[in-house]
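Visitor: Questions regarding the structure given below will be posed in turn.
The values are calculated or read from the model by the stated rules, or taken from the named source; none is laboratory data. Being a predicted model, the structure only gives us computed values, none of them experimental. Positions of Cβ are backbone-derived with ideal geometry, glycine not excepted, and every protein chain shown enters the neighbour counts. The protein model used for the area step is the full one, side chains on, heavy atoms only, and it has no ligands, DNA or RNA in it. Shrake-Rupley method; radii C 1.70, N 1.55, O 1.52, S 1.80 Å.
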Amino acid sequence: MNETKSPFIFGRKAVGDSFTDREKETERLISNFRNKVNTVLISPRRWGKSSLVKKAGDLSDNETQKVVYIDAFSLRDQGEFYKVLATEVIKGTSNNIETWLEYVKRFFSRLSPRFSFGTDPINSFELSFEIDSVDKNYQEILDLPEKIAIDKNIQLVVCIDEFQNTATFEESALFHKRLRAAWQNHQHVTYCIYGSKQHMMSALFERQSMPFYKFGEIIHLGKIPITDWVLYITQQFQSTGKIISGLLAEKIAISVKCHSYYVQQLSHLVWLATSVIADEEAFAAAIDDLLAQNDMLYQRETDFLSETQLNFLKAVASGTSDGFSNSVVLQKFKLGSSANVSKLKKALVEKEFIEFRGKTAEFLDPAFELWFVREILKKF
Ligand SMILES: Nc1ncnc2c1ncn2[C@@H]1O[C@H](COP(=O)(O)OP(=O)(O)OP(=O)(O)O)[C@@H](O)[C@H]1O
Ligand SMILES: [Mg+2]
């Protein structure tokens, strides 16, 4: 039995020793926060947005600059958004109940929020509002961060994670207009907006007709480079008294295309399969383990694909990265007409199986790609 704790983290924000690289991006965010530059951070799922913003936020949080976090992932409508915004801004700018009550009295004139406290008042404090009243007076909540920042003579940074989820709200276009209209007048609050679903985020922030056009600096987060991963993996092994060669560490990173979550997960699995020195056998066992864990999910996901969609993925998995409308490719993979190819591309991007970098198609989930090659392509 191995009693040591794994040095790899996945499925939670990477913090402390598990956070690697991203030095330039961290500095950039810190500088944006300090210089009141709004930031929009976009990347596919699990590349490390939340970890990065938390890291930059922790380094920026001090006496004169406070950082507040909101996660829009589970919010269902505008009302919930306003409620969480008000609660988090109040909680994040002071840590005693007296001040919270005072803020509410001073900064809300038209709205009269209700409080709720649980057994642990500091952490379970929550505000709520009458729906009708919020719909008329939402402006008071949107301006709350600015008012508190002025009053306390501080700079506030409001970070909103999983922002793409707000596009599912009813009347989301109106909601986004309201946000933009309020935020552009704030002099003491900087916003950091981040999320996945690249096409949705890009549409919101990069299209001229959209309310968030030119809202701030847009950062498309890249992958952590292989050299950093190799260093990180070898060090983490070492820190627990195990050894892995640079070559094998590199193989781990390459096999999951340097995807942050999967590099950590696969490293963890190799680490588990290793007693002292990691070898090819441990690596093979780790890959088997990774694919077995996802087998049911991937099976189910592919079950929902049409025959031609599946064929398109087969083409990508066999190394075709562009030129899908080429007649040889059309025939070989039975993709139908070239008009059909555009439809296939669109559907598979929307379902988040693949993405295009320029004209080049890539699988979004590198573990799915490994599984697909093994389970579908090899039996083709
Ligand atoms: N800087 C980093 N160093 C090492 N590992 C990282 C780093 N950033 C992210 N990871 C790994 O990737 C995983 C996902 O990171 P994170 O949750 O920050 O990504 P995300 O882009 O916010 O994902 P989601 O799209 O699901 O919100 C983490 O659990 C961790 O395993
Ligand atoms: Mg995240």
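Visitor: Collect the residues in region 318-363 that are in a helix (DSSP H, G or I), within 26 Å of Trp47 (Cβ to Cβ) and free of Cβ contacts under 8 Å to residues at least 60 places away in the same chain, keeping them in residue-number order. Don't jump to the end; show me each part of the working.
Guide: Filtering region 318-363 for residues in a helix (DSSP H, G or I) gives 327-332, 338-350.
Applying the additional criterion that residues be within 26 Å of Trp47 (Cβ to Cβ) yields 344-350.
Passing the criteria: Leu344, Lys345, Lys346, Ala347, Leu348.
Visitor: May I pose another question? Any residue in region 97-112 that is in a helix (DSSP H, G or I), surrounded by 12 or more Cβ atoms within 10 Å (Cβ to Cβ) and within 16 Å of ligand 1 (Cβ to nearest atom)?
Guide: No, region 97-112 contains no residue that is in a helix (DSSP H, G or I), surrounded by 12 or more Cβ atoms within 10 Å (Cβ to Cβ) and within 16 Å of ligand 1 (Cβ to nearest atom).
Visitor: Among the residues of region 169-194, which ones are without any contact (Cβ under 8 Å) to a residue 24 or more places away in the chain and among the hydroxyl-bearing types (Ser, Thr, Tyr)?
Guide: Scanning region 169-194 gives a single hit, Ser172.
Visitor: Going by the structure shown, is Ala167 in a helix (DSSP H, G or I), within 16 Å of ligand 1 (Cβ to nearest atom), in the same structural domain as Glu63 (by TED's automatic domain parsing) and in contact with a helix residue (DSSP H, G or I) (Cβ under 7 Å, 6 or more places away or on another chain)?
Guide: It is true that Ala167 is in a helix (DSSP H, G or I), within 16 Å of ligand 1 (Cβ to nearest atom), in the same structural domain as Glu63 (by TED's automatic domain parsing) and in contact with a helix residue (DSSP H, G or I) (Cβ under 7 Å, 6 or more places away or on another chain).
Visitor: Does region 296-308 include one or more residues that are in contact with a helix residue (DSSP H, G or I) (Cβ under 7 Å, 6 or more places away or on another chain), touching a residue at least 12 places away in the same chain (Cβ under 8 Å), within 21 Å of Ile9 (Cβ to Cβ) and in a helix (DSSP H, G or I)?
Guide: No, there is no match, as no residue in region 296-308 is in contact with a helix residue (DSSP H, G or I) (Cβ under 7 Å, 6 or more places away or on another chain), touching a residue at least 12 places away in the same chain (Cβ under 8 Å), within 21 Å of Ile9 (Cβ to Cβ) and in a helix (DSSP H, G or I).
Visitor: Follow-up. Kindly indicate whether any position in region 137-153 is open to solvent by less than 20 Å² (accessible area, probe 1.4 Å), modelled with pLDDT of 95 or more and within 16 Å of ligand 1 (Cβ to nearest atom).
Guide: no
Visitor: Let me ask something else. If you check Ser202, Ser239, Ser209, Ser245, which single one turns out to be more than 16 Å from the chain's Cα centre (by Cα), away from ligand 1 (no atom under 12 Å from the Cβ), among the small types (Gly, Ala, Ser) and at pLDDT below 95? Don't jump to the end; show me each part of the working.
Guide: Working: Ser202 fails: more than 16 Å from the chain's Cα centre (by Cα); Ser239 fails: at pLDDT below 95; Ser245 fails: at pLDDT below 95.
From the options Ser202, Ser239, Ser209, Ser245, the qualifying one is Ser209.
Visitor: Here's another thing I want to ask about it. Is it true that Ala292 is open to solvent by 60 Å² or more (accessible area, probe 1.4 Å), of a type in the set (Gly, Ala, Ser) and more than 16 Å from ligand 1 (Cβ to nearest atom)?
Guide: Taking the combined requirement at face value, the residue satisfies it.
Visitor: Can you report the number of residues in region 212-221 which are within 16 Å of ligand 1 (Cβ to nearest atom), assigned to a loop (DSSP other than H, G, I, E, B) and under 11 Å from Thr39 (Cα atoms)?
Guide: 0
Visitor: Go through region 6-25 and give me each residue that's open to solvent by less than 50 Å² (accessible area, probe 1.4 Å) and part of a loop (DSSP other than H, G, I, E, B).
Guide: Selection gives Ser6, Pro7, Phe8, Ile9, Ala14, Phe19, Thr20, Asp21, Arg22.
Visitor: Within region 198-221, work out how many residues are of a type in the set (Gly, Ala, Ser) and touching a residue at least 12 places away in the same chain (Cβ under 8 Å). First the steps, then the outcome.
Guide: Let us first name the residues in region 198-221 that are of a type in the set (Gly, Ala, Ser), namely 202-203, 209, 216.
From what is left, the residues that are touching a residue at least 12 places away in the same chain (Cβ under 8 Å) are 202, 216.
Number satisfying all stated conditions: 2.
Visitor: Right, another one. Quick check on my filter: what residues within region 244-280 are touching a strand residue (DSSP E or B) at 6+ places or on another chain (Cβ under 9 Å) and either charged (D, E, K, R) or surrounded by 14 or more Cβ atoms within 10 Å (Cβ to Cβ) (or both)?
Guide: Correct list: Ile244, Ser245, Lys257, Thr274, Ala278.
Visitor: Sticking with this one: Considering each residue of region 26-72, count those that are open to solvent by less than 50 Å² (accessible area, probe 1.4 Å), within 15 Å of ligand 2 (Cβ to nearest atom) and over 11 Å from Val157 (Cβ atoms), and give that number.
Guide: Of the residues in that region, 13 qualify.
Visitor: Being of a type in the set (S, T, N, Q) and either in contact with a Leu (Cβ under 8 Å, 6 or more places away or on another chain) or open to solvent by 60 Å² or more (accessible area, probe 1.4 Å) (or both) is the filter here; which residues of region 297-324 pass it?
Guide: The answer is Gln299, Thr302, Thr308, Gln309, Asn311, Ser318.
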